[in-house]
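K.L.:
So that we are looking at the same thing, I have put the structure below in structure tokens.
The values are calculated or read from the model by the stated rules, or taken from the named source; none is laboratory data. These numbers come from a predicted model, not from an experiment. Quick reminder, even Gly has a Cβ in these numbers, built from the backbone with ideal geometry, and neighbours come from all protein chains shown. The area values use the complete protein model at the heavy-atom level, side chains included, leaving out ligands, DNA and RNA. Shrake-Rupley method; radii C 1.70, N 1.55, O 1.52, S 1.80 Å.
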Amino acid sequence: MEKISMNDIRKKNYTDVYRLIYQEGRISKSRIASMLQMSPPTVTQHLAALIDDGLIEKQGQMSSGIGRKATAYVACSSVYTSIGVEILPNQVTAVILDLYGNVIEKKEILLAFSQEETYFDVLSQSVLELLQDAEIQESAVLGMGVGIQGLVSEDGQKVLYGKILDCTGLTVRLLEERLPFPVRFIHDAECAAELELWQKPELTDAIYLSLGVHLGAAVITNGRIQRGRTGRTGTVEHMTLVEGGRSCYCGKQGCMECYCSAEALLESGEQLPDFFALLRQGNRQHSIRWSEYLNHLALALNNLHMVLDCIIVLGGHIAPYLTQTDLDILFSKVQGRTAFPEEESFLLLGAQENNAIAAGAAIPFIRTFLSAI
């Protein structure tokens with residue numbers, strides 16, 4: 001049997017005290033001692049150590065109806081931060097998150113994607129300027145996650161498949177040699193799913209379907225995103241929905257991408273706000289297109305639900321425009337196709353965040369910090 005040293009016990013107590021303060025948001029010393037069943041002197045010792053390390057601070061007093069009010073302890077949310085970036089063909093969005101996942105600073109720049117050195121010069125400089133604007137030291141950055149339209153290696157160091165941006169083979173070296181903190185690539189749909197899990201930790205088993213300009217998905221089991229043997233779990237966008245159907249950017253025909261993405265819904269030059277404005281006004285042609293889109297989406301959702309009997313979260317660019325009526329119609333269409341009808345809908349709307357992919361790209365570094373402390 002492995003012996004537990006006094007140093008191990010002290011480290012565990014230190015960690016337990018910090019995590020409790022982090023989880024509670026605001027708590028007194030006596031409450032910490034009671035909840036952790038720890039002696040007051042031991043709690044005092046670890047509170048002092050955490051303050052010295054800059055992880056917590058005293059912040060006023062706890063509210064109390066009677067007697068002397070106790071000192072309140074809170075976690076220092078910005079002692080460390082994480083950066084998230086979303087790379088699109090003609091735009092970059094960058095955000096800085098604190099340890100609670102709150103956006104401290106955000107920046108959007110028009111920048112046409114390229115694998116030229118100058119692209120990474122501009123991108124890196126923009127990130128450093130974002131830190132300056134937020135008055136955050138580079139040493140306080142845990143790392144930077146980059147949400148990208150492509151499949152990436154398990155360690156996040158290389159793009160394995162990036163046809164949309166034509167970036168297959170791209171490595172993080174071009175960013176890490178320009179920035180003083182670690183960088184990793186993350187599939188954009190996984191980024192959005194990470195944010196969903198952060199905001200809804202009770203969502204233990206689900207399929208996250210991103211109805212973005214391009215379709216994407218992530219499979220969540222036991223509260224974790226599954227990547228599979230080769231990192232392709234969740235790439236439902238390339239499942240065949242219509243045999244011999246529309247041509248997909250992957251080179252095949254009839255993929256779900258061609259019928260369920262935002263790009264599949266819109267005509268050339270059309271924007272989502274304009275489409276939905278006319279749809280809600282009762283425009284006949286837009287109503288027909290919307291009905292056809294929902295038919296294809298219902299077919300896809302039924303197929304997914306037959307494989308994984310779980311909640312399906314709908315996110316991406318289309319999600320903010322979906323009404324409860326749309327969800328009811330969609331679920332009814334699914335019910336009309338399935339061999340196993342259900343009374344209760346398994347469709348949920350995802351987080352309505354404009355910067356969901358950028359924010360989600362920053363979350364893994366925060367999770368790693370919290371689990372390692």
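K.L.:
For the stretch 169-261, what class follows from the C-alpha gyration tensor (a ≥ b ≥ c being the square roots of its eigenvalues): rounded when a/c is under 1.5, otherwise prolate if a/b is larger than b/c, else oblate?
P.N.:
Oblate.
K.L.:
I've got another one for you. Quantify how much of the Cα-Cα distance distribution of the stretch 107-265 extends past 25 Å, in percent.
P.N.:
38
K.L.:
Further question: Can you tell me the 0 to 90 degree angle between the C-alpha axis of helix 356-372 and the longest principal axis of the chain, rounded to 10?
P.N.:
The angle comes out near 30 degrees.
K.L.:
Looking only at G316, G254, G216, which one moves most when the chain is put into a Gaussian network model with springs between Cα atoms under 10 Å?
P.N.:
G254
K.L.:
Another question, if that's okay. Amide H to amide H under 5 Å from G143: which residues, 5+ apart in sequence or cross-chain, H placed 1.01 Å off N in plane?
P.N.:
The list, which skips near neighbours in sequence, is I83.
K.L.:
Ok, one more. Suppose we take every Cα in the stretch 1-156 and form the convex hull; what volume per residue is that in Å³?
P.N.:
Per-residue hull volume (Cα only) is 180 Å³.
K.L.:
Now, a different point. Give K58/K106; K69/K200; K163/K252 a once-over and call out the pairs whose C-alpha atoms are over 24 Å from each other.
P.N.:
Violating the 24 Å limit, Cα to Cα: K58/K106; K69/K200.
K.L.:
Given the peptides 75-85, 274-284, 326-336, 182-192, arrange them by the average over their residues of other C-beta atoms within 10 Å, most packed first.
P.N.:
Order by mean packing, descending: 182-192, 75-85, 326-336, 274-284.
K.L.:
Please sort 136-143, 5-12, 238-245 by packing, taking for each peptide the average over its residues of neighbouring beta carbons within 10 angstrom, highest first.
P.N.:
By packing density, highest mean first, the sequence is 136-143, 238-245, 5-12.
K.L.:
Something else: Is the shape of the stretch 1-71 rounded, prolate or oblate, going by the alpha carbon gyration tensor and its root eigenvalues a ≥ b ≥ c, with a/c under 1.5 for rounded and a/b larger than b/c for prolate?
P.N.:
Prolate.
K.L.:
How would you rank 359-368, 102-111, 224-233, 291-300, highest first, on the average number of other Cβ atoms within 10 Å across their residues?
P.N.:
359-368, 291-300, 102-111, 224-233
K.L.:
Whose amide H sits under 5 Å from the amide H of T233, counting only residues 5 or more places off or on another chain, with H placed in the peptide plane?
P.N.:
G228
K.L.:
Taking all protein chains in place and a 1.4 Å probe, what share, in percent, of the accessible surface of the chain do carbon and sulfur account for?
P.N.:
Answer for the chain is 49 percent, counting heavy atoms of protein chains only.
K.L.:
Over the stretch 194-233, one equal point on each Cα, no solvent: what is log10 I(q)/I(0) by the Debye formula at q = 0.30 Å⁻¹?
P.N.:
-1.05
K.L.:
Using a probe radius of 1.4 Å on heavy atoms only, what accessible surface per residue do you get for the chain? Whole Å² is fine.
P.N.:
Per-residue value: 50 Å².
K.L.:
In the stretch 263-373, if every C-alpha pair distance is counted and binned at 5 Å from zero, what percent goes to each bin?
P.N.:
Here the calculated profile for the stretch 263-373 is 2, 10, 17, 19, 16, 14, 10, 6, 3, 2, 1, 0.
K.L.:
Report, to the nearest 10°, how far helix 324-337 tilts away from the longest principal axis of the Cα atoms in the chain, using its own Cα long axis and a range of 0 to 90°.
P.N.:
That helix lies at roughly 60 degrees to the long axis.
K.L.:
So what's the back-of-envelope 222 nm ellipticity for the chain, counting only DSSP H runs of four-plus at -39500 (n - 2.57) apiece and dividing by all residues, rounded to 500?
P.N.:
-12000 deg cm²/dmol
K.L.:
With a ≥ b ≥ c the root eigenvalues of the C-alpha gyration tensor of the chain, is it rounded (a/c under 1.5), prolate (a/b larger than b/c) or oblate?
P.N.:
Prolate shape, in that a/c is at least 1.5 and a/b is the bigger ratio.
K.L.:
Once the Cα atoms of helix 117-133 and of the chain are each reduced to a long axis, what angle between those two axes, in degrees from 0 to 90 to the nearest 10, is obtained?
P.N.:
Taking Cα atoms only, the helix is inclined about 50 degrees.
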